[in-house]
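First up is the structure itself, then whatever we jot down about it.
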Amino acid sequence: MHEVIHLSLSPISNHLNSHFYNAQESYFVYSDSEVADSKVDPTVRFQQGIGYTPRALVWDFQGGFGALKQYSGAYSDNNSSIPSRDIWEGGEPDRIARKQVTTSEYQKSLDSGNLTDPKLNKTNTLYWSDYIRVDYHPKSKLVLKDWEYDPIRYPKGRPRGSGESDPTPSSPTSASTASFNGYDIGISQWNQIQAENDKEYLDRSFRPILEQCDSLDGLVISTDVDSAWGGFTECMLSDIIDDYCPKVPRFVWGLYDQDLNGKKLSIYDTMSRIKSTAGLIENSTLFVPLSLPKLDQFPAELSKQIGLPLTTWQKTALYNMVYEPMSVLSSLRGNSRVSMSTLANSLTNGAEERKVVTAVSATSSLPLIDFSTVLTMPSLTPRKKVRAARYFSKYAVVRLPKPTPSLKPAVNNYGIVDLKSGASPWDFVDQVAKIDSNRTDLLEKYFDKQQLLDQGTLERNLSELKQEDFQFAQPSSFPSGIITGTDSLYSSFSITTEAGSTLTDMANFVSRFDRGSDEREQLKDTLSTMSEGYSWGYEFDSDTSDD
């Protein structure tokens, strides 16, 4: 067995993983006869206890779990076989009143076993727990007890018990103390948790789920970069590498707070983004930044279908169009499986310092969406030259839907097509031909193999994976209007020179604006060294500024 553990940190990451695990749940089969046609091995990402629960740890604020309780689903409140995680040792506890979040109608429908689920929309999906279709193990739910969350009033979190009458922060620095914002706040929070647990926090949270694995294939980490979660995740990941998993692949998905209007960050927030990005890249095998494209690059047809502005439920559903196709590769059965180390080697080709991945996606009916625009945003500092991105590697996955069974004509006992069945043999043939045409069109339109070869990309660094009869999962929790049941899905992952340009921009920004911190020179050197790994041939980029 080759297990994969997911670590999800922050509300937006938990939304993303709710979409992901809902898709995995849709692949479950419930009889031996179905296993032969099953493409996904559930034991890679699920562990068996009282039912199947994800091999995952999810971190959130107090209140971030919505109506989801510590012990829910199969693990009910009265299950005495599960030890309590927090033991009260006497004294009068501090009581902070909090309004109870009501269970969503969607979850009530799932609990009652109704076959028709209530329709989800922007207003009834504020919490990721409103629509998640799987049960997390009680020990998988981890809380930052000193911070609380409300999806409307304080979506970035705030100190627990701070009250509604707190004044609006007058500066970015004071804002960081009023919300869970800023790289240094995340570092401080991790150190505090470690101190409270005698530096055994990971022994109590991570080690138990690790010990459930026979042969760990890797870790998948997703986190909010533009908040204190970035610094918190960096520290946690660094300790996991040092003490538990020094050699297994680590795919880190960084979620950036970049809206469709491309809002401009303050100097404080930009420095926080740079520090978090550098730290997460250092501790990853592959780092995939995810953000929304600007409004002028966002498909107009899609914006009409789903409506703007996007909620976190919708935004992370779009992200799942690249997150799920890449992640599920390591869960496939038999020879179809692509291990995390194989995928990492296909993209880095042994250049371990080159690990920042660009992710894009398209469907049969929608144009290409670039989810890594944070790498191609306007330069933080003016560049002397602007070069077209060159591709070191590219890995594309095309997911093709299964032809509609109802169009397949009936065959009698003699193997002869029954024309009275209502379906023409040519209807089925035409649909198969259309699906195959979609696959060819998507690859020719977006993979650009010949063009990449002409620009100098080595053929061995270009990979195309076609997955027949494996439609992108759209359970009832997935927003409508994004992808249809007959659409093929194209997703590609690339390592390009653009990452080097962005890292150079970051080094220049640190040089220009970070004048007082002790780690200034070390951060500059780290970013400059990282950027050198993305040089093409004998290029020399003289844009890096000196003091």
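The values are calculated or read from the model by the stated rules, or taken from the named source; none is laboratory data. Worth saying up front: this structure is predicted, and the values here are computed from it rather than measured. Counting neighbours? That spans all protein chains shown, and the Cβs are built from the backbone with ideal geometry, glycine included. These area figures cover heavy atoms from the full protein model, side chains too; ligands, DNA and RNA do not enter into them. Shrake-Rupley method; radii C 1.70, N 1.55, O 1.52, S 1.80 Å.
Pairs to check: Lys263/Lys304; Lys119/Lys402; Lys199/Lys355. Give those whose C-alpha atoms are more than 27 Å from each other in this structure.
Lys199/Lys355
Summing +1 for each Lys or Arg and -1 for each Asp or Glu, what net charge is found among the other residues whose Cβ lies under 11 Å from the Cβ of Glu353?
-1
Would you mind computing, in nm to one decimal, how far apart the modelled labels at Glu301 and Ser341 are, each placed 7 Å from Cα along Cα→Cβ?
4.3 nm
Just list whichever of Lys156/Lys315; Lys122/Lys156; Lys141/Lys275 have alpha carbons separated by over 22 Å in the model shown. Intermediate values should be presented prior to the final figure.
On the way: Lys156/Lys315 16 Å; Lys122/Lys156 19 Å; Lys141/Lys275 27 Å.
In this structure, Lys141/Lys275 lie more than 22 Å apart at Cα.
Post the alpha-carbon centroid distance, the range 298-316 to the range 454-529, in whole angstrom.
The distance from the Cα centre of the range 298-316 to that of the range 454-529 comes to 21 Å.
At 1.4 Å probe size, with no ligands or nucleic acids counted, give the accessible surface of Arg354 in Å², nearest ten.
40 Å²
Where the centroid of each part is defined by its Cα atoms, how far is the range 1-68 from the range 104-168 in Å?
17 Å
What is the spin-label model distance, in nm, from Glu532 to Arg207 if the labels are put 7 Å beyond Cα along the C-beta direction?
The two pseudo-label positions are separated by 4.0 nm.
Hey, if we sort Trp536, Trp190 by accessible area with the 1.4 Å probe, largest down, what's the order?
Trp536, Trp190
Using a basic spin-label model with each label point 7 Å from the Cα along Cα→Cβ, how many nm lie between Asn197 and Asp454?
5.5 nm
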